[in-house]
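One structure below.
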Amino acid sequence: KTVRNKYGVLSSSLAMFRPDFVCRVTLPQKTKSSIIIPTEDDMMALFRETYDTSMEIPVLLGSISGMRASEIIGLRWSAVDLNKGTARIKEAKVLDQNREYVVKGTKTRAGTRTIRLLPHVCDALRRHYDPAQEYVVPLTYAQVYDRYQKALERCCPGKHYTFHELRHYACSVMIWMGMPVKYIADYLGHETENMVNQVYGHIMADKKDAMFDKLAQYYDGMFKSAGFGISDTKSDTNSD
């Protein structure tokens, strides 16, 4: 893709300034990238390894809430409502041309969304809530990536899942649960309106809630069977 992009710029420039010049180039053949999805066993090992550490929230937000890394480090406590169990995703932290972190809007228009936080994620957020911190994850992407790789190496030696592949796991569980693609695209913030509208139509709010109830039951059962459990004490924190 990089070579094709560079050739596009070069050929357009030549067409403008040297229209008589004939450029004969054989571009590399396109290859279909394979999507790697972490296994449930590996994810459980990672959940155990990162439990009650600085990486618990990034891992849960990536693998269960399906958030992008830039959205995770850009999420403020003021955008999280623990009483309602929701998070408003409207910002992302990225590196600018000077290699400095800046806050900007989400990657796409569909990326700005309000997502439902499932019970295990809410429980972890309550445990990690710090009113002195502006951001839910007070780490840079480099710190998140470095700590994630070290945790993965400890609990899953030889495995090389990227942090973004946690998002693939979130998507795969939703597909396995039978959730319509439109719901998944809406939750993950994908710009796939045209394709989804042609095949699946519009989101139905009542069905959407039922689907996320089903998703919550799945994760509740998985974590409880692994001995985690949800805290009985509910925080009155509402940082919206």
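Derivation of every value follows stated rules applied to the coordinates shown; laboratory data play no part. Fair warning: this is a prediction, and the values are worked out from it, not measured in the lab. We place every Cβ from the backbone using ideal geometry, glycine too, and count neighbours over all the protein chains shown.
Tabulated data for the structure shown
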{"quantity": "Candidates per GluC sites (Glu not before Pro) in region 20-79, loop by DSSP, up to 15 other Cβ within 10 Å", "calculated": "none"}
{"quantity": "The chain: proportion of alpha-carbon pairs further apart than 24 angstrom, %", "calculated": "53 percent"}
{"quantity": "Charge-dipole axis of the chain as Lys and Arg at +1 and Asp and Glu at -1 on Cβ define it, positive-most pick from 10, 136, 77", "calculated": "10"}
{"quantity": "The chain - mean residue ellipticity at 222 nm from DSSP helices (-39,500 (n - 2.57) per run, n ≥ 4, rounded to 500)", "calculated": "-14500 deg cm²/dmol"}
{"quantity": "Of 90/214; 182/214; 6/30; 1/104; 104/150, those spanning more than 21 Å from alpha-carbon to alpha-carbon", "calculated": "90/214; 1/104; 104/150"}
{"quantity": "Relative contact order for the chain, counting Cα pairs under 8 Å that sit 6 or more residues apart, in percent", "calculated": "26 percent"}
{"quantity": "Sparse-neighbourhood loop sites, chymotrypsin sites (Phe, Trp or Tyr not before Pro) in region 64-137 - DSSP loop, at most 11 other Cβ within 10 angstrom", "calculated": "none"}
{"quantity": "Gain on full stretching of the segment that runs from residue 48 to residue 126 - 0.36 nm per residue minus C-alpha separation", "calculated": "26.3 nm"}
{"quantity": "Region 77-155: GluC sites (Glu not before Pro) in DSSP loop, at most 14 other beta carbons within 10 Å", "calculated": "100, 134"}
{"quantity": "Span-like helix ranges in the chain, DSSP H, alpha carbon extent 20 angstrom or more, Kyte mean at least -0.5", "calculated": "2-17"}
